[in-house]
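Only one structure is covered here, and it is reproduced in the block below.
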Amino acid sequence: MRCHLNVKSLKRENLMQKNSYLDYKRIIAQLVSGVLAETNIDAEMIYGLLEYPPNQELGDLALPCFQLSKVLKKAPPLIAAQLQTQIDPAPYFAEVQTAGAYLNFRLAPEPLITNVLGKILECGSSYGAQNLGDGEKIVIDYSAPNIAKPFHVGHLSSTVIGNVLYNIFNFLGFISVGINYLGDWGTQFGKLITAYKKWGSEAEVKQGLIKELTRLYVKFHTEAEADPTLDEEAREWFRKIENGDEEALKLWKWFKEISLEEFQRVYDILGISFDSMAGESFYNDKIKAVVDELKEKNLLEESDGASIVDLELYGMPPCLILKKDGSSLYATRDIAAALYRKKTYQFSKALYVTGMAQSLHFQQWFKVVELMGYDWAKDLVHVPFGLVNLKGEKLSTRTGRVVLLEDLLTTAIQKTLEIIEEKNPDLPQKAQIAQDVGVGAVVFGALSVNRIKDVTFSWEEALNFDGETGPYLQYTHARACSILRKADFQGETGINFEPEKLNEPAALKVVKTLYLFPERIIAAATEYEPSIICRYLIDLAQDFNWFYHECQVLVADQDLSRARLVLVSAVKTLLATGLGLLGIKAPEQM
RNA sequence: GCGCUCGUAGCUCAGUUGGAUAGAGUGUUUGACUACGAAUCAAAAGGUCGCAGGUUCGAAUCCUGCCGGGCGCACCA
């Protein structure tokens with residue numbers, strides 16, 4: 001079940017009223033509803049019907065009149081034709097044409113150009129930012145790697161998708177709270193301690209760090225297949241951790257520190273940070289209260305010795321709260337965490353960015369929170385994404401079939417460095433830029449496809465820098481910067497330029513794409529879908545590169561040159577802003 | 001078995017609340033660096049939108065069934 005943020009209405013309301021950006025849909029909605037004032041068709045309905053035509057020749061915006069015909073009891077083409085005669089296109093539209101049942105609007109270039117480019121120059125890096133959130137808090141739970149296990153490419157999606165949502169919501173006037181819900185509790189630590197005591201040593205762990213911990217963890221599983229008493233022992237060690245046994249706690253803390261240091265290296269490379277690192281262990285002392293509350297509200301039942309919340313009424317399997325031995329499960333911890341976060345942050349939305357495999361789990365405990373009587377259960381949203389596999393096989397820590405994220409990132413950086421040596425050997429700060437571009441390629445690759453799709457990891461694809469990739473966007477940005485640098489263009493506000501100088505199709509196409517930026521950002525937020533921004537930036541870069549090849553910017557005609565520089569500057573600004581939202585650097589040279 | 005999810009060009013994917021002739025990238029073939037960066041651009045070729053019904057003025061999109069892939073379904077997270 002895909003939950004949706006209730007911003008559909010918010011979106012429309014804000015675009016209709018608060019939006020300070022040029023909004024042609026609003027203008028058309030008002031024009032058309034003005035003409036239809038006698039009917040019960042209002043501006044909001046028209047607004048919702050407007051769409052972008054499939055190709056440029058038809059126009060820039062279209063109103064299909066099929067739906068209107070039901071209300072007006074007239075043939076759609078007739079409605080379109082009548083509207084056409086009654087609407088005065090000036091000053092925003094160059095012409096209004098009909099094509100069958102469609103009423104097509106062609107934008108007048110000058111108001112568009114003046115408005116969009118002027119606003120981008122004026123706002124700079126805050127262009128597109130809005131106050132839709134009005135300071136409401138959105139808690140975003142993402143990344144959440146397991147302690148003592150390697151940080152591999154499977155963790156990339158959650159980490160970067162969560163980070164983008166964090167950025168977007170801040171950009172739109174919400175206050176994002178980023179939480180890294182570390183997997184730092186549970187029987188796997190019992191297993192690890194057992195393995196450590198049997199086959200490990202302090203020196204080896206200090207030497208091998210996570211690799212050594214992983215080796216021990218894997219060994220535990222292979223040995224436990226033959227010897228089930230190991231599982232007993234592991235449970236016992238975990239019980240000791242829970243009961244505060246000194247030796248057990250000491251080891252647990254040590255393993256956790258080792259892991260956090262390694263994770264931090266990866267987060268530093270990615271440029272990602274969190275507001276809270278409260279992992280599962282943090283909620284340990286908050287579980288009892290949840291269990292008591294569930295009992296008090298008569299939601300808890302006994303079943304095969306375990307305590308459950310029955311969800312049969314809702315077509316779901318029961319939600320396990322306590323095991324036979326009385327210890328808690330992950331749903332219990334998630335509920336405790338949600339209660340704590342609600343109390344602590346007063347969020348208006350809580351997002352959980354995890355794999356799709358956990359969908360049922362989230363549906364179950366969301367329902368339990370609802371049954372506990374909390375109306376904010378509706379504000380809990382699972383943001384799922386597809387699985388990463390390796391050549392069609394599952395990633396597996398136990399069998400070692402994983403690609404470490406750090407290896408991927410350093411390889412990408414290394415490859416970038418080689419390309420720079422080959423193409424641009426005099427580039428200053430090569431190392432930094434190689435990191436920006438290499439990491440950008442990996443991050444963009446993880447964000448660019450619809451998050452629900454499963455992906456097969458391939459080195460070849462991850463290290464491809466041609467076509468629709470992060471480096472393509474960065475290259476386009478660097479190119480734009482290069483022109484501006486040569487012209488010594490500062491992008492001062494209030495600069496005068498002549499919009500009619502940008503009348504070529506290529507220039508106009510770029511401006512029209514620039515215009516779409518704010519609404520694409522909002523779409524990415526309402527759908528929790530970073531790929532919408534990726535897609536948009538690719539479109540923008542493609543349009544700009546076409547313009548780049550069509551139109552020489554640095555030309556003798558001062559007015560023409562200045563107008564084109566303004567356009568280049570605007571593209572540069574939005575590419576940088578967009579990449580920034582994606583968590584990707586936009587170097588000025590590469 | 002039940003549930004969730006995906007199936008669009010050789011490959012990877014877009015396709016806006018159902019709307020006009022289904023679009024990119026990559027790969028293949030070809031062209032463009034004495035023009036602001038060739039990590040670029042242009043052109044050609046490439047599709048029974050898994051299959052079959054249904055709803056609708058209109059379906060890649062919604063509904064039903066089937067086929068195929070992935071995932072989940074009691075003490076792991």
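The values are calculated or read from the model by the stated rules, or taken from the named source; none is laboratory data. Here the structure is a predicted model, which is why all the values come from computation and not from measurement. Cβ placement follows ideal geometry from the backbone for every residue including glycine, while neighbour counts extend to all protein chains displayed. Keep in mind that these areas ignore ligands, DNA and RNA; they rest on the heavy atoms of the full protein, side chains included. Shrake-Rupley method; radii C 1.70, N 1.55, O 1.52, S 1.80 Å.
Worth a mention:
- Segment A:323-349 - residue that is within 34 Å of the chain's Cα centre (by Cα) and within 9 Å of RNA strand B (Cβ to nearest atom) and, of those, most open to solvent (accessible area, probe 1.4 Å): A:Y330
- You will find that of A:I28, A:I79, the residue that is open to solvent by less than 10 Å² (accessible area, probe 1.4 Å), within 16 Å of RNA strand B (Cβ to nearest atom), outside any strand (DSSP E or B) and free of Cβ contacts under 8 Å to residues at least 40 places away in the same chain is A:I79 and no other.
- Just one of the listed residues (A:Y548, A:Y528) is within 12 Å of RNA strand B (Cβ to nearest atom) and of a type in the set (F, W, Y), namely A:Y548.
- Filtered residue count, segment A:457-471, keeping only those that are in a helix (DSSP H, G or I), near RNA strand B (Cβ under 8 Å from one of its atoms) and open to solvent by less than 50 Å² (accessible area, probe 1.4 Å): 1
- Restricting attention to segment A:151-179, the residues that are in contact with a strand residue (DSSP E or B) (Cβ under 8 Å, 6 or more places away or on another chain), surrounded by fewer than 24 Cβ atoms within 10 Å (Cβ to Cβ) and over 22 Å from A:C534 (Cβ atoms) total 4.
- When segment A:459-482 is limited to residues that are without any contact (Cβ under 8 Å) to a residue 24 or more places away in the chain and not charged (D, E, K, R), the one that is nearest to A:I538 (Cα to Cα) turns out to be A:G467.
- Filter result for A:A576 (assigned by TED's automatic domain parsing to the domain that holds A:K501, open to solvent by less than 10 Å² (accessible area, probe 1.4 Å) and assigned to a helix (DSSP H, G or I)): no
Table: residues versus (1) open to solvent by 30 Å² or more (accessible area, probe 1.4 Å); (2) more than 30 Å from A:Y352 (Cβ to Cβ); (3) within 12 Å of RNA strand B (Cβ to nearest atom).
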residue	(1), (2), (3)
A:E492	yes, yes, no
A:P505	yes, yes, yes
A:K509	yes, yes, yes
A:I532	yes, no, yes
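- Of all residues in segment A:534-564 being within 21 Å of A:L121 (Cβ to Cβ) and of a type in the set (V, I, T), the one that is surrounded by the fewest Cβ atoms within 10 Å (Cβ to Cβ): A:V555
- Counted residues, segment A:420-456 - those being outside any helix (DSSP H, G or I) and either more than 7 Å from RNA strand B (Cβ to nearest atom) or not aliphatic (A, V, I, L, M) (or both): 12
- Pairs linking a residue in segment A:575-590 that is β-branched (V, I, T) to a residue that is in a loop (DSSP other than H, G, I, E, B), with Cβ atoms under 9 Å and 6 or more positions apart or on different chains, are A:T577/A:Y127; A:T577/A:G128; A:T577/A:A129; A:T577/A:A586; A:I584/A:G271.
- Residue list for segment A:359-374, filter: open to solvent by 60 Å² or more (accessible area, probe 1.4 Å), in contact with a helix residue (DSSP H, G or I) (Cβ under 9 Å, 6 or more places away or on another chain) and near RNA strand B (Cβ under 10 Å from one of its atoms): A:Q363
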